[in-house]
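Notes follow once the structure below has been shown.
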């Protein structure tokens with residue numbers, strides 16, 4: 001199985017929901033799935049496995065998650081896979097759900113249980129035929145290239161005033177700007193967008209200079225623990241975080257100094273903690289999606305080390321994923337960002353020029369994030385037929401690690 005989270009964003013380019021894209025098996029290795037084999041296991045709601053891995057608590061506030069259901073899995077025991085917060089889950093179906101009494105009654109049952117509903121892949125000519133289905137929907141996903149939004153606004157505003165419209169296949173900034181200007185859509189999804197836009201600053205803030213200094217210290221091959229501890233001591237948030245973590249790890253330790261805490265962790269663990277903690281601080285004035293993406297990328301890349309026969313470079317792959325959005329964190333170009341921190345030649349080559357032995361991991365990461373399953377499958381075959389199960393396990397582990405990092409538990 002393969003699965004990933006795709007952000008849906010609003011007029012301010014802020015993430016408001018996630019859509020889960022999932023594929024059961026590698027169709028390159030299992031071509032029968034392109035035919036009748038695609039019905040095998042059709043009663044399973046694949047995306048809910050990711051919801052359980054990440055936990056709905058990571059999608060708090062006004063965020064929701066769209067989960068694809070088929071015309072068969074719609075009738076499965078969905079409640080057993082969603083134990084709480086039904087209102088956070090939007091069940092996403094397509095035109096295979098027919099406007100018949102059986103389907104409409106099931107939709108009403110799910111609405112009564114607190115779920116929200118969405119539908120996609122409906123042609124304009126089907127709108128009238130699907131009135132009974134559309135009347136149960138909370139969202140309708142529309143391919144903006146195939147519909148006149150001006151007419152759609154009038155139609156849905158009159159017939160289904162409570163339905164929110166989502167534009168899909170928005171694959172360029174230009175398309176997004178035009179759609180936003182025209183109005184009518186509540187949410188958007190497109191390949192051009194994977195991070196929220198932030199306004200660039202001319203200079204790195206003084207506090208960020210301290211964080212960059214700390215990153216440079218710990219990413220030296222043999223850094224000085226005391227020097228790192230002294231820099232940490234200049235930031236109260238980092239001090240509190242470090243002492244709290246180390247005191248949880250040790251029983252009756254009574255650790256109260258930063259140097260003592262750093263020594264207890266040792267170089268390897270202190271480096272990992274600093275890279276993660278500093279990333280959170282660098283993103284503190286940015287939309288939370290940047291933090292989520294940078295940390296998920298870091299753990300996912302680290303977990304992919306063995307798949308890409310780079311097991312001895314897992315720590316560097318972690319750093320590459322973490323720094324893949326360093327330009328956004330520091331509000332400068334990637335070239336300028338990497339000039340400010342000390343990274344290996346391999347990391348720099350991958351992030352700046354898409355070259356070197358780490359570049360294939362970065363390429364794979366981007367294809368996976370875009371749910372380009374055909375390309376993902378092709379790249380896995382090139383890796384000596386690497387298992388999609390191992391990749392999915394690597395991704396869900398990254399989700400759980402992120403969840404535990406922010407919402408409790410051990411990372």
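The values are calculated or read from the model by the stated rules, or taken from the named source; none is laboratory data. Computed from a predicted structure; not experimentally measured. Because the Cβ atoms are built from the backbone with ideal geometry, glycine has one as well, and the counts that use them run over all protein chains shown.
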Exercise. Quick one: would you say residue 73 is over 22 Å from the mean Cα position of the chain (by Cα) and at pLDDT 90 or above?
Worked result: yes
Exercise. Do you know which residues across the stretch 154-185 are assigned to a helix (DSSP H, G or I), at pLDDT below 90 and surrounded by 13 or more Cβ atoms within 10 Å (Cβ to Cβ)?
Worked result: 173, 182
Exercise. So is residue 95 modelled with pLDDT under 95, surrounded by 15 or more Cβ atoms within 10 Å (Cβ to Cβ) and within 19 Å of residue 167 (Cβ to Cβ) or not?
Worked result: yes
For this session: Hand me the list of helices (runs of 4 or more DSSP H) wholly inside the stretch 233-330 holding 3 or more residues that are modelled with pLDDT of 80 or more.
Result: 258-282, 288-303, 314-323, 326-330
Exercise. In the stretch 112-125, which residues are surrounded by fewer than 16 Cβ atoms within 10 Å (Cβ to Cβ) and more than 18 Å from residue 17 (Cβ to Cβ)?
Worked result: 112, 113, 121, 123, 124, 125
Problem set entry | Selected residue (criterion: modelled with the highest pLDDT) from residues of the stretch 53-70 that are in contact with a helix residue (DSSP H, G or I) (Cβ under 8 Å, 6 or more places away or on another chain) and farther than 17 Å from residue 21 by Cα | 57
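Tell me, please, whether a residue that is part of a loop (DSSP other than H, G, I, E, B) and modelled with pLDDT of 80 or more can be found in the stretch 209-224. I'd like the intermediate steps shown before the answer.
Pass one, the stretch 209-224, residues part of a loop (DSSP other than H, G, I, E, B): 219-224.
Checking which are modelled with pLDDT of 80 or more leaves us with 223-224.
Within the stretch 209-224, one or more residues are part of a loop (DSSP other than H, G, I, E, B) and modelled with pLDDT of 80 or more.
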Exercise. If we keep just the residues of the stretch 113-136 that are within 32 Å of the chain's Cα centre (by Cα), at pLDDT 95 or above and part of a helix (DSSP H, G or I), which is farthest from residue 168 (Cα to Cα)?
Worked result: 133
Exercise. Checking residue 136 against (1) loosely packed, with under 14 Cβ neighbours inside 10 Å; (2) in contact with a helix residue (DSSP H, G or I) (Cβ under 8 Å, 6 or more places away or on another chain), which test does it fail?
Worked result: (1)
